[in-house]
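Working notes, structure below.
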Amino acid sequence: MSKPIQAIRGMNDCLPNETAQWQQVEEVIRKTVASYGYSEIRFPIVEFTDLFKRSVGEVTDIVEKEMYTFEDRNGDSLSLRPEGTAVCVRAANQGALLYNQQQRLWYQGPMFRHERPQKGRYRQFHQFGVEAYGFEGPDMDAEVIMLSARLWQAFGITEHLRLEINSLGSNEARADYIRALVEYLEQHKDKLDEDSLRRLGTNPMRILDSKNPDVQAVLEAAPVLSEYLDEESKTMFVELQQRLDAVGIKYVINEKLVRGLDYYNRTVFEWVTESLGSQGTVLAGGRYDGLVEQLGGKATPGVGFAMGIERFVLLLQTLDVLKEPTSTADVYMVAAGAGTDMKSVELAEVLRTEVDGIRVVSHCGGGNFKKQMKRADKVGASLAIILGEDELNNKQVTVKNLRQHGEQETVAWEQLAARVSAILELD
Ligand code: ATP
Ligand code: MG
């Protein structure tokens, strides 16, 4: 036998027992976005590389070293999407959704980043995100945060997540701050590591994110962003806090929260958990008022977030709050004896037509009565509908209730749908 081909490292299958868990999460996502009036948008997985260079930023980790970039047959540089915000702006602008309009959109799907795979960090992962366009006030910042908080509430895990917020200020304020930060760090170059030295010339604010204790020690006396904030950003940030207070959402202000993408301004936020080790950021977002214009649209404010679905599912598994996988059938059709098999399949079709929402599995592949009943048990069916030779002659079936101690009754074919739906309480 030849060696089986494996999946690509960092790209995972989702097997049936796990898809059941994902579906629980997806259902909560759908209900939550619907309850705030958001519409779904779907866009391609591959885009021109320039889209990400011009939005996420040329000197960010994502564009510098994490993108799956390749040449199309005609020589265009294309990339698998590493995130959704830039693509959503591209699609909304192209689809004429932005001009003088307000939009509340959400998306979901796979993203690709060439990172070192580990728990909570993969090369193909999935994000759920929302993006609101055309709203410049902190009411919308608060709304997307409230919406995200509902995801935790739905599973009763709010206490396991911490909301961190910060304001990056206007572009001008941030430029002033970056100048001051670079000036300060230039004087302490000897204590910076290689990564930070590189960032000093490319993306200095990312140094604030450094996990290196020596770098953090230098940062202790560094200028802080909040002292450089413009008045408007300050006011907005205070108003956001008041709005969160008003709806009882707790938060901490993290002055070092800067986010790794270039397009953010003013409000940024993250929901972080201690339950997943170092990959603790489950959801992250913020405001990006300049992005639409930067990508060639008419200036339109934007705010949104993206959640890593794998991390959310991992957290829910860790906290053990997902429902047990349910059965895949309500009814299992057992056919034993000459000529019973075709009729049994026919009765199954009648049930599917007449009983809305019923799940019926027909036994396939032959085998004796005992083997078939075992299968009924395995798929978790509530009822076995048995057609033997006697039943076939009398135009009846035996309905065996697998939940109620195997209680059984004889039912005429014409009455089957009504009786089954009464027992299962489906109608
Ligand atoms: P991190 O700091 O963990 O690398 P990030 O800042 O790169 O995260 P974003 O680009 O803001 O992440 O993406 C939003 C969310 O998507 C993250 O908070 C996380 O839950 C998820 N995410 C990002 N990268 C990955 C990945 N490689 N594997 C799984 N989930 C990811
Ligand atoms: Mg990252």
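The values are calculated or read from the model by the stated rules, or taken from the named source; none is laboratory data. What you see is a predicted model, and the numbers here were worked out from it, not measured in a lab. Positions of Cβ are backbone-derived with ideal geometry, glycine not excepted, and every protein chain shown enters the neighbour counts. Keep in mind that these areas ignore ligands, DNA and RNA; they rest on the heavy atoms of the full protein, side chains included. Shrake-Rupley method; radii C 1.70, N 1.55, O 1.52, S 1.80 Å.
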Practice prompt. Might you check whether a residue that is of a type in the set (Gly, Ala, Ser) and touching a residue at least 40 places away in the same chain (Cβ under 8 Å) occurs anywhere in the stretch 204-212?
Written response: no
Response to the item:
Exactly one of ASP262, ASP320 is more than 16 Å from ligand 2 (Cβ to nearest atom) and among the charged types (D, E, K, R), and that one is ASP320
Worksheet item: Which of the residues spanning the stretch 116-129 are within 7 Å of ligand 1 (Cβ to nearest atom) and either closer than 30 Å to GLY37 by Cβ or open to solvent by less than 30 Å² (accessible area, probe 1.4 Å) (or both)?
Response: GLY120, PHE125, GLN127
Worksheet item: If you check SER35 against the conditions, is it surrounded by fewer than 16 Cβ atoms within 10 Å (Cβ to Cβ), in contact (Cβ under 8 Å) with a residue 60 or more places away in the chain and more than 16 Å from the chain's Cα centre (by Cα)?
Response: yes
Response to the item:
Checked ALA222, ALA175, ALA217, ALA180 against criteria (more than 30 Å from LEU151 (Cβ to Cβ) and part of a loop (DSSP other than H, G, I, E, B)); the one match is ALA222
Fill in: Within the stretch 103-115, considering residues that are open to solvent by less than 40 Å² (accessible area, probe 1.4 Å) and touching a His at 6+ places or on another chain (Cβ under 8 Å), the one nearest to ligand 2 (Cβ to nearest atom)
MET111
Worksheet item: Do we have VAL63 as under 21 Å from GLU293 (Cα atoms), free of Cβ contacts under 8 Å to residues at least 40 places away in the same chain and within 16 Å of ligand 2 (Cβ to nearest atom) here?
Response: yes
Fill in: All positions within the stretch 252-261 that are more than 22 Å from the chain's Cα centre (by Cα) and of a type outside the set (Val, Ile, Thr)
ASN254, GLU255, LYS256
Item to complete: Considering only the stretch 1-12, state which residues are open to solvent by 100 Å² or more (accessible area, probe 1.4 Å) and either within 20 Å of the chain's Cα centre (by Cα) or aliphatic (A, V, I, L, M) (or both).
Response: MET1, ILE5, ILE8
Response to the item:
When (1) outside any loop (DSSP other than H, G, I, E, B); (2) within 16 Å of ligand 2 (Cβ to nearest atom); (3) open to solvent by 60 Å² or more (accessible area, probe 1.4 Å) are applied to TRP271, the one that fails is (3)
Fill in: VAL268 being away from ligand 1 (no atom under 12 Å from the Cβ) and β-branched (Val, Ile, Thr)
no
Worksheet entry | Test: VAL411 is open to solvent by less than 20 Å² (accessible area, probe 1.4 Å), within 42 Å of the chain's Cα centre (by Cα) and among the β-branched types (Val, Ile, Thr) | no
Practice prompt. Would you be able to say whether some residue in the stretch 156-171 is touching a strand residue (DSSP E or B) at 6+ places or on another chain (Cβ under 7 Å), more than 16 Å from ligand 1 (Cβ to nearest atom), in a loop (DSSP other than H, G, I, E, B) and at pLDDT below 95?
Written response: yes
Fill in: Residues satisfying the stated conditions in the stretch 13-31, i.e. surrounded by 16 or more Cβ atoms within 10 Å (Cβ to Cβ) and in contact with a strand residue (DSSP E or B) (Cβ under 9 Å, 6 or more places away or on another chain)
TRP22, VAL25, ILE29
Worksheet item: Of all residues in the stretch 237-258, which are in a loop (DSSP other than H, G, I, E, B) and open to solvent by less than 40 Å² (accessible area, probe 1.4 Å)?
Response: ILE249, LEU257, VAL258
Worksheet item: Would you pick out the residues in the stretch 81-116 that are in a loop (DSSP other than H, G, I, E, B) and under 18 Å from the mean Cα position of the chain (by Cα)?
Response: ARG81, PRO82, GLU83, GLY84, ARG113
Worksheet entry | Selection within the stretch 284-300 - open to solvent by 30 Å² or more (accessible area, probe 1.4 Å) and touching a Gly at 6+ places or on another chain (Cβ under 7 Å) | ASP289
Discussion item. Please pick out the residue among THR318, THR281 that is open to solvent by 20 Å² or more (accessible area, probe 1.4 Å), under 21 Å from the mean Cα position of the chain (by Cα), among the hydroxyl-bearing types (Ser, Thr, Tyr) and within 30 Å of ARG90 (Cα to Cα).
Written reply: THR281
Worksheet item: So, in the stretch 225-236, of the ones that are part of a helix (DSSP H, G or I) and open to solvent by 30 Å² or more (accessible area, probe 1.4 Å), which residue ends up farthest from ligand 1 (Cβ to nearest atom)?
Response: GLU231
